[in-house]
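Report on the structure given below.
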Amino acid sequence: MKRAAPWLLPILVAVGGFVSLGDVGFGPLVKYAVYFAGAIALPGTLLLRAAWRSTGNWAEDLGLGSVVGATWQLIGWAIFTALGWQRWLIVWPALVLIGFALVGRQYFRIAEPRPLPVAWTVGLAVSAAVMVGAATFGVMAYHPMPPYGEAYYPDLLYHLSMVQELTRTVPPQIPQVVNERLEYHWFANADMAAAVDVTRLTPMVVLFRLWVLPWLVVSLLVCATLARVVSRTWWTGVLAALALAAPQLFLLVDTSVNLAPPVSLLSPSQTFGMVAAVTTSILLINLLFKDGSHWLWLLIVPVAVVGGGSKPTVLPLLVAGVGLAALYLLVTTRRLPWRLIGTTVALLVVGAITFLTVAGSTSGSRLQFLAVLKSLPVYTAATGDKTQPGDGGLILPALAHGEVIGTLSLLLGLLLTLQAMSWAGFGVVGRKDPIAWFLLGAMIAGWAGYLLIDHPSVSESYFVYTAAPFSLAGAGWFAATSARASGRPVPIAIAAFVLSIGYAGLIVWARGVPAASTGRQLWLSTRMLLVVLGITLFLLLVWRLTLRQAGGGMFVVLVLLSTAPISSFLQSAVRGDTEKAPTYRAARWWVYPDEAEAALWLGQHSAPTDVVATNTWCRPAGLPAPGCDARGYLVSGIAGRRTLIEGWAYTNQAMAKQGDGGRRYTEQPSPWPDRVALTNQALTAPTAEVLRRLRDEYGVRWLYADTRNGPAAPALDQLAVRRHSVGKVRIYDLGE
């Protein structure tokens, strides 16, 4: 009980956060907690111990076990959904619990306990409380759940549409383009769909409020486990957890639309993929470098598949990690490491399968060195280049045109402020241990993707975000080695970390420049960079002069890790978001109350497999094509119904058109112009033949007419049954 007591802190913070939100009662919170514990964490932990072993403590077992349990649940979800038995999905995890209760009761306890210090538990519990508090009091409060808000970040409604779809069928269809296969890395959404099937909670509550919380805690546990495993030092796990949690503190005091990387609310695929990648890495390290049992393959392959189906960045990092370790052993031993070579091939096969089946949204990507710099708010001010993501040749246009100083200054600032967490782990270079080269391979692959790929939505950033846990593990390993050399490892490690975190408060000075002009924004970035460099060098000098011993390398690593919170300050400063807004208010993504009410009515009065024809593909409402942003997910998201055609921006067909006509992929014409034309004809010039075609060819049952986007012909009242009207929205029933 003494070791479990600190975990009450994140639980109390979560309850307080939901009380402050006021849109989810205590009942759903308890129901979801029981679901995650009983259907994900416990079954997965039992499977982990049966196929491998216990880590020696419950916290790490439950972290890794949750990922294994989610993998098992996804297998069951696919089977039960394909058979139409979604409502009986609870049977799947129950089979595991019953089976172990009958023939494997020894796995309910730890045979050889190796408890971690209480300080580890306190550090992880405090980090979890920070993560949960930032999520509930910060990002969730900023993003209201339909219908309680008036503007919704489009990605959330897009994910909501996929969760709704994944409760219906396997393989899934594109919710916005009925009868077209969904090409996306949708495994995180499938995990939410499984939770909806078992708990009977609404997809909105699961996506907007409940799903991410346990996975934030799991992310801390698995990253801390990876750091401890590679360094063989317990406090490196605490360091990794604090480095992940510290940047989230600023969500409590400053405006933001998301959790700080590498975790995310707005990209659940990033959070889910990252925990799968780290868990697979821990299992691979034990299999390949610690003489783990061959039974580990029963866990490694399915968890790797989950990682690849959650985020396309996962498997390239794992392949590079195992591959570089194999190369190191080949060079140093002059023997072919067949076990590692076979593992690399297996991961390549898994990567190819997932890339061809469930890793969509990569269309429009190109190779361009340093393309990520185009995403910085000060890029144009520093270089004069106005090139959009996805445009240009193999070299960043600014660099190709001779803007070397401005480009390099931005790159240096990016490395030392926004991405310090993701490269601090390179301190393990030169270690004569294949595990170090495994970490290096993953980090190199992450940075290669980050610096070489040009994605229309700057999604190359996810490469380096996924590599962050490997960097934290490497940095902790380097810090532990340096601390041991000092002769006083733990006290010095704690003091250095506290000191390095303390200087973050001084960064407030650097964000005091108004965001009124691009020149001042550029000066802000330069000033931020000078602050980081100056304070780091000063504190390192003080360290050496006062302690006169080894350990300075560790201190540099810790200072670099503590620069992660700077990113929140920098982003807020250049946008001018110096005060926390009450809710997300972007005018482009405004949803009018009558639109939301009508969508909710439609969801309640239609069958899950009904198809809707709607004119809500563009936002903001009332802006005609061309030029509108085709990320309208009102009916497919809030109503949760398949549509003949709705927002097509995130389809591979649209993303492949990035740059055509000088427009981004979000503003391209529909790849299905016939569906757009048929929908417009049905709403503005309907005939009995047109409505019959909708029913017979596409299975359309409903018309959702938002008159902000165009008129609804009076003839519809004679040709179909008007079932609902509110404000400027009319809903018609075309019949069976």
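The values are calculated or read from the model by the stated rules, or taken from the named source; none is laboratory data. No experiment lies behind these values; they were computed from the predicted model shown. In this analysis, Cβ positions are derived from the backbone assuming ideal geometry, glycine residues included, and neighbour counts consider all displayed protein chains.
Could you check segment 283-309 and list, in sequence order, the residues that are among the β-branched types (Val, Ile, Thr) and out of contact with any Asp or Glu (no Cβ under 9 Å at 6 or more places or on another chain)?
Narrowing segment 283-309 to residues among the β-branched types (Val, Ile, Thr): 285, 300-301, 303, 305-306.
285, 300, 301, 303, 305, listed by residue number.
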Do we find a residue being touching a His at 6+ places or on another chain (Cβ under 6 Å) and of a type in the set (Val, Ile, Thr) anywhere in segment 707-729? no
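Here's the yes/no breakdown for (1) in a helix (DSSP H, G or I); (2) outside the structural domain of residue 151 (by TED's automatic domain parsing); (3) within 25 Å of residue 25 (Cα to Cα):
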site	(1), (2), (3)
197	yes, no, yes
204	yes, no, yes
222	yes, no, no
226	yes, no, no
240	yes, no, no
246	yes, no, no
258	no, no, yes
261	no, no, no
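So which helices (runs of 4 or more DSSP H) stay within segment 622-701 end to end and still have 3 or more residues that are surrounded by fewer than 19 Cβ atoms within 10 Å (Cβ to Cβ)?
Qualifying helices (runs of 4 or more DSSP H): 673-684, 688-698.
Just checking, which of 253, 263, 205, 257 is among the hydrophobic types (A, V, I, L, M, F, W, C), surrounded by 24 or more Cβ atoms within 10 Å (Cβ to Cβ) and either under 27 Å from residue 582 (Cα atoms) or at pLDDT below 95 (or both)?
Being among the hydrophobic types (A, V, I, L, M, F, W, C), surrounded by 24 or more Cβ atoms within 10 Å (Cβ to Cβ) and either under 27 Å from residue 582 (Cα atoms) or at pLDDT below 95 (or both) holds for just one of 253, 263, 205, 257, which is 263.
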Residue set 473, 436, 467, 445; condition more than 22 Å from residue 275 (Cβ to Cβ), outside the structural domain of residue 290 (by TED's automatic domain parsing), assigned to a helix (DSSP H, G or I) and at pLDDT 80 or above; output residue 436
Looking across segment 327-374 at residues that are at pLDDT 90 or above and of a type in the set (D, E, K, R), the single one that is nearest to residue 159 (Cα to Cα) is 339
Among the residues of segment 12-25, is any aliphatic (A, V, I, L, M), at pLDDT below 95, surrounded by 15 or more Cβ atoms within 10 Å (Cβ to Cβ) and not in a helix (DSSP H, G or I)? yes
Could you list, in sequence order, all residues of segment 722-736 that are in a strand (DSSP E or B) and within 19 Å of residue 709 (Cβ to Cβ)? 722, 724, 725, 726, 729, 730, 731, 732
Would you check which residues across segment 51-70 are assigned to a helix (DSSP H, G or I), within 14 Å of residue 282 (Cβ to Cβ) and either of a type in the set (Val, Ile, Thr) or touching an Asp or Glu at 6+ places or on another chain (Cβ under 9 Å) (or both) and list them? 67, 68
Just to be sure, is residue 382 part of a helix (DSSP H, G or I), more than 21 Å from residue 664 (Cβ to Cβ) and touching a Gly at 6+ places or on another chain (Cβ under 8 Å)? yes
